[in-house]
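Enquirer: Can you read through this structure? Questions will come right after.
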Number of protein chains: 4
Amino acid sequence: MSESSSPIFTWERRVEFSETDAAGIAHFSSFFLYMEQAEHALFRHCGWTIFPFRSEGASSESAAVSWPRVHCSCDFKSPAFFEDQLSVDLSIERLGNTSITYRHLIRRDGTILAIGRVTTVCSRIDPQTHQMTACPIPERIRDRFQAEHP
Amino acid sequence: MSESSSPIFTWERRVEFSETDAAGIAHFSSFFLYMEQAEHALFRHCGWTIFPFRSEGASSESAAVSWPRVHCSCDFKSPAFFEDQLSVDLSIERLGNTSITYRHLIRRDGTILAIGRVTTVCSRIDPQTHQMTACPIPERIRDRFQAEHP
Amino acid sequence: MSESSSPIFTWERRVEFSETDAAGIAHFSSFFLYMEQAEHALFRHCGWTIFPFRSEGASSESAAVSWPRVHCSCDFKSPAFFEDQLSVDLSIERLGNTSITYRHLIRRDGTILAIGRVTTVCSRIDPQTHQMTACPIPERIRDRFQAEHP
Amino acid sequence: MSESSSPIFTWERRVEFSETDAAGIAHFSSFFLYMEQAEHALFRHCGWTIFPFRSEGASSESAAVSWPRVHCSCDFKSPAFFEDQLSVDLSIERLGNTSITYRHLIRRDGTILAIGRVTTVCSRIDPQTHQMTACPIPERIRDRFQAEHP
């Protein structure tokens, strides 16, 4: 297990009109989408996918895992507006045996808008029953994330 | 094949805050959600489900079908606001051999806000490949809808 | 200030198809919508509205306030599926001078699916600048919530 | 008035996980978001914004207009999956006096997934009453779009 919080990945995203609400700002739930999308972009950046169960015959990967969330939170500091260009700085706050806790710093240039946290559990999902069972994080993922968090 | 447009089902729905946008009104895409939700409520009202492929081992129904959309449209007449109580009058405009065209009249009391149309095709979906193949509408559905549209 | 956590309001809600994701379950962000919708339903139940700045010339209320979120979190225990009938038990965990912390227990019958928390700050919003300033919770709201949490 | 349908702008967008549904594909309503986002990106590309009524004191533009939709439709040809890289080819099908009809061809490389149409009306919106009144399309917009559609 290791702990750290320097960003390993930054992802950029514009606030879309459909994400705003009648208060004229990005709806608070949108921030959880930004956080998830940054996490998925990190996986793509590493050459992986967070959800390998695509169409044609589910996953071809022998040991496909999924990453259901068990906890997430967000502190909202300042609102985001339509067309704001947001940056999500993603860091790995905790790398457990079967779980990862990400920390997301969402900002517009130097202004911090929100700070989020998401804990996901590496899981094997029974395709018939949708039952999830926690399992150790695959080695290539552990190795990569640990290398960036010495 | 039969054609008609008197409503066979009315579904009520309040505009939620997250569905509004910075223009202070329900985002136009929300109307497509209202239309779909009314269609699903009609199926439940008839004792069916539009999506029988739930968790535990997919469908127990031997001849489970799904209803992908092939076309939908909406004419927007007047905006909807947060907490508006909407009614969706659902009628079956066309009952084909493998497809159904619904017409949705979305109103706030007597004020028509939007008129939508959705064409769905009764399909068998290969659970492995996600490939969809059109198939005849099940008899119980055809019988029920035809009875209401003599 | 008072603290408590017995539910003062229960709100029912069905999982809509558009809220599910490719994992076959309600997307985690949907739970934040359910939580917010329950809070808004509580306000309506009390004869209020959480957002009085509707269309025709903003609010007619002289002292209209809004309730931006400053923190929210959710612990996910078990997934929700399409057409599940959910109950959200809403309790007021903390009634501060300018803020309210709600606790949401989201369940399908007796099965707890998620436990959420939302802290909102009673705010006056400058309609020109969108600047928010915290202000004391209106008396009728404080009185009502305190009466239910002796 | 002029009619054409060669694309004037192409916009790229990845399918996000939250946009998929339990059928394992992008929910049909997501396509309307992609279409709107492409339209907004076109405006940004031209140095404009589709919604100039941002926070600080609404618009500084003396003649700010908005673009409510009066009609939209979509024909669905083939499903989109999580992480698909989509291209939206945007063309102006009709440039009227007060309205624009866009045509959106949504594809994954050479595979056409959907064809959409959106008609928006150039409108002045009363900030007090939210009442919309159609008005002539601003000259700089007309000139630019006509130049690209001789």
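Enquirer: Being free of Cβ contacts under 8 Å to residues at least 60 places away in the same chain and either on the phi > 0 side of the Ramachandran plot or touching a helix residue (DSSP H, G or I) at 6+ places or on another chain (Cβ under 6 Å) (or both), is that true of even one residue in the stretch A:123-141?
Expert: Yes: one or more hits.
Enquirer: Related question: State whether one or more residues within the stretch A:35-52 are more than 7 Å from every other protein chain (Cβ to nearest Cβ) and modelled with pLDDT under 90.
Expert: Yes, the stretch A:35-52 has at least one match.
Enquirer: Taking the conditions exactly as written (closer than 25 Å to residue B:31 by Cβ and modelled with pLDDT of 95 or more), does residue C:83 satisfy them or not?
Expert: Spelling it out, residue C:83 is indeed closer than 25 Å to residue B:31 by Cβ and modelled with pLDDT of 95 or more.
Enquirer: Of all residues in the stretch D:5-33, how many are among the hydroxyl-bearing types (Ser, Thr, Tyr) and more than 14 Å from chain C (Cβ to nearest Cβ)?
Expert: The number of residues fulfilling the criteria is 3.
Enquirer: Would you say residue B:55 is at pLDDT below 95, more than 25 Å from residue D:74 (Cα to Cα), more than 15 Å from the chain's Cα centre (by Cα) and open to solvent by 30 Å² or more (accessible area, probe 1.4 Å)?
Expert: Criteria not met by residue B:55.
Enquirer: Just the residues that are of a type in the set (A, V, I, L, M) and open to solvent by less than 20 Å² (accessible area, probe 1.4 Å), please, taken from the stretch C:25-52.
Expert: Result: C:26, C:35, C:38, C:41, C:42, C:50.
Enquirer: Being within 14 Å of chain B (Cβ to nearest Cβ), at pLDDT below 95 and open to solvent by less than 20 Å² (accessible area, probe 1.4 Å) is the requirement here; does residue D:66 meet it?
Expert: Spelling it out, residue D:66 is indeed within 14 Å of chain B (Cβ to nearest Cβ), at pLDDT below 95 and open to solvent by less than 20 Å² (accessible area, probe 1.4 Å).
Enquirer: If you don't mind, another one. Given the stretch C:73-150, what strands (runs of 3 or more DSSP E) lie entirely inside it while holding 3 or more residues that are crowded, with 16+ Cβ neighbours inside 10 Å?
Expert: Those strands (runs of 3 or more DSSP E) span C:85-95, C:99-108, C:111-121.
Enquirer: Still on this structure, please answer the following. Please pick out the residue among A:91, A:87, A:123 that is over 19 Å from residue A:7 (Cβ atoms) and among the hydroxyl-bearing types (Ser, Thr, Tyr).
Expert: Being over 19 Å from residue A:7 (Cβ atoms) and among the hydroxyl-bearing types (Ser, Thr, Tyr) holds for just one of A:91, A:87, A:123, which is A:123.
Enquirer: Just for the stretch A:9-24: of the residues that are part of a strand (DSSP E or B) and of a type in the set (S, T, N, Q), which one is surrounded by the most Cβ atoms within 10 Å (Cβ to Cβ)?
Expert: The selected residue is A:20.
The values are calculated or read from the model by the stated rules, or taken from the named source; none is laboratory data. Keep in mind that what you see is a predicted model, and the values were worked out from it rather than measured. A quick note on method: Cβ atoms are made from the backbone with ideal geometry, for glycine too, and the neighbour counts reach across all protein chains shown. Heads up: the accessible areas ignore ligands, DNA and RNA and are worked out on the full protein's heavy atoms, side chains in. Shrake-Rupley method; radii C 1.70, N 1.55, O 1.52, S 1.80 Å.
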